[in-house]
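Each remark here refers to the structure printed beneath this line.
Derivation of every value follows stated rules applied to the coordinates shown; laboratory data play no part. Note that this is a predicted model, so its numbers are computed, not measured. Cβ: placed from backbone, ideal geometry, glycine included. Neighbour counts: every protein chain shown.
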Amino acid sequence: MTALTVKNLSSAYQKKIVLDSLTFSIEEGTLTGVVGPNGAGKSTMIKAILGLQPKMTGSIEFFNGKLKKLTNHLGYVPQRGAVDWDFPTNVLDVVTMGLYGQIGWFQYPGKKHRQLAFEALEKVNMAEYANRQISQLSGGQQQRVFLARALVQDADLYFMDEPFAGVDAKTEKTIIAVLKELKSKGKTVLVVHHDLQTVPAYFDHVLLLNKQLIAYGPTNETFTKSFLKKTYGGEIHWMGSDQFVESL
Amino acid sequence: MSYTAWILITGSLVGISCGLVGVLLILRKMAMMADAISHTVLLGIVSAYLISSSLDGGSMLIGAMLAGLLTAWLVQWFESTGIHSDAAIGVVFTTLFAIGVILISTSVGNVHLDVNHALMGEISFIPWNTVDVPIAGSIPQATLLLMIITLLVIVVIALFYKEWKVTTFDPALAASLGIPVLLMHYVFMTLVSVTTVAAFDAVGAIMVVAMLITPAAAANLWTDKLITMFILSAAFGAFASCVGYGLAIWLDTSISGSMAFATGILFAISYLFGPKHGQLSKWFYKPGEI
């Protein structure tokens with residue numbers, strides 16, 4: 001089944017076009033890296049798909065339109081800087097927020113929900129920090145809290161905005177493990193990603209974006225030198241090692 | 001009940017209702033919006049008077065609600081067209097406030113409404129303007145209004161507690177969970193407006209900002225738990241009102257001014273001695289120790 005169908009999606013800030021008629025569809029169970037230079041509209045695309053950013057034109061369809069209610073089917077991992085980490089709350093509480101969509105109006109999270117949140121924290125090796133104030137976390141720990149929150153949501157389609165940006169090696173390993181687990185459960189994941197070197201190792205599909213859609217498809221067909229040059233224009237430097245492209 | 005008791009009760013209710021709303025204002029980084037709404041409700045009150053030609057609580061509340069929503073909507077709209085948020089707030093609230101001032105001094109003329117009263121409030125008049133209610137007997141009108149609004153604030157915050165928390169901390173997540181973020185924003189703006197108008201008679205438009213912002217800012221320095229912050233902020237607000245009244249009697253000076261000043265003192269104490277983020281605690285504890 002198709003998890004996500006985007007047709008003719010355009011979006012703008014004031015009068016500046018940031019997304020120019022994107023059309024693509026993403027198969028269920030794939031792990032897609034969204035790659036492109038700064039200002040290519042990667043975050044904007046995710047926000048427009050989720051309805052967090054107004055779109056000028058286009059239509060979005062999830063799971064062939066078969067879902068009556070989208071709530072609880074979409075998971076979103078924002079950039080770490082998107083929230084105020086001085087907010088008065090602790091780690092377990094932030095993870096529990098991922099369950100709020102399932103709890104229902106006028107209800108409070110209970111023991112069962114906190115248990116689920118704690119199990120998610122165990123999966124990202126953050127259980128010992130459950131009662132820690134969120135302002136006292138390192139960048140990598142913050143990212144793992146967000147991941148745990150995404151896991152606990154148990155969504156079908158995940159959008160992650162640069163989860164690998166500026167994290168430590170331990171967190172990077174955890175993120176990879178989580179991505180693998182999600183894929184093995186048949187979930188569909190879109191990840192905005194910056195580090196070109198690791199793209200072939202992490203993702204089975206690649207979406208190349210620079211305001212327009214440059215290419216989308218399986219990594220070995222899409223993540224090629226010619227498509228990348230088209231995506232980055234003159235900005236790309238191969239740092240003397242283009243094996244990672246040729247080894248594909 | 002005695003005159004002083006009514007004033008202390010009224011002041012405490014202002015402290016509690018403003019303290020609770022203030023927590024969300026601070027955490028949503030909307031302190032300036034409180035300043036704006038506290039002024040534009042004047043336009044709402046004057047307009048309500050012009051239409052209904054009465055100064056009863058109901059029409060004033062509706063007028064204030066509409067003015068508050070108009071302010072929030074106009075600011076949002078200007079922002080969406082690319083005007084900076086602080087500039088948008090500054091332009092919208094001064095203009096709406098100015099319209100209120102013009103209307104007061106031309107058409108309403110010699111009625112009970114005057115600019116000075118609206119800006120500074122006069123809590124010492126409150127106990128004399130009473131209404132009769134069943135069971136409780138005769139209670140001041142402004143105090144009754146504050147009781148209803150305080151109850152409303154508590155109920156709305158408690159019923160939607162988790163929604164307030166998630167829309168404040170991470171609106172994008174809230175939206176992806178299916179929580180109506182924009183609707184919550186306007187509900188909150190309505191709450192700020194009605195709280196402001198209920199506190200108007202007692203402390204006036206300028207001092208209500210102190211009651212909305214300062215106790216919550218002080219509470220933020222004492223705790224890392226949201227629920228504790230709500231309780232502390234309400235308690236600080238009520239305490240500062242009572243201390244402020246005592247101060248005003250002792251120095252024979254403005255009551256609303258003293259109340260606002262008391263919140264400032266509370267904040268200064270919290271800023272220095274607050275166990276979580278106070279300045280002195282930073283000398284005694286290393287990061288991560290508490």
Among A:VAL189, A:LEU157, A:ALA201, the residue whose Cα sits farthest towards the positive end of the charge dipole of chain A, when +1 is placed on the Cβ of each Lys and Arg and -1 on the Cβ of each Asp and Glu, is A:LEU157
Beyond 13 Å, what share of the Cα-Cα pairs of the stretch B:217-290 remains, rounded to the nearest whole percent?
-> 66
So what is the relative contact order of the stretch A:80-139, in percent, for Cα pairs below 8 Å that sit 6 or more residues apart?
-> 53
Using a 10 Å cut-off on Cβ atoms, rank the peptides B:157-168, B:69-80, B:243-254 from the highest mean neighbour count down.
-> B:157-168, B:69-80, B:243-254
What is the distance, in nm, between label points placed 7 Å from the Cα along the Cα-to-Cβ direction at B:ILE148 and at A:LYS112?
-> 4.0
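As an exercise, use a Förster radius of 30 Å and the Cβ-Cβ distance of A:ASN125 and A:LYS225 to find the FRET efficiency, rounded to the nearest 0.05.
0.20
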Whole-number percent relative contact order across the stretch B:3-284, with pairs defined as alpha carbons under 8 Å at least 6 apart | 30
Charge dipole (debye, nearest 20) of the stretch B:3-284; +1 at Cβ of Lys and Arg, -1 at Cβ of Asp and Glu | 720
The base-10 log of I(q)/I(0) that the Debye equation returns for the stretch B:3-284 at q = 0.07, 0.11, 0.14 Å⁻¹, one scatterer per C-alpha, is -0.25, -0.62, -1.01
Please report B:LYS276, A:LYS7, B:LYS282 as a ranked list, fewest other C-beta atoms within 10 angstrom at the top and most at the bottom.
-> B:LYS282, A:LYS7, B:LYS276
Could you tell me, in Å, what Rg and Dmax come out for the Cα atoms of the stretch A:21-115?
-> 16.5, 46
Spacing of the two label points (7 Å from each Cα toward its C-beta) at B:THR106 and A:ASN38, in nm = 5.3
Dipole of chain B (Lys/Arg Cβ +1, Asp/Glu Cβ -1, origin at the Cα centre): which of B:ALA36, B:VAL166, B:SER241 lies farthest to the positive side?
-> B:VAL166
Roughly how many Å is it from the Cα centre of the stretch A:202-221 to that of the stretch B:140-163, as a whole number?
-> 53
Taking chain A and dividing mean pair separation by its residue count, relative contact order in percent (alpha carbons under 8 Å, at least six apart) | 26
Enumerate the whole-percent occupancy of each 10 Å bin, from 0 to the last occupied one, for all C-alpha pair distances of the protein assembly as shown.
-> 4, 16, 23, 22, 17, 11, 6, 2, 0
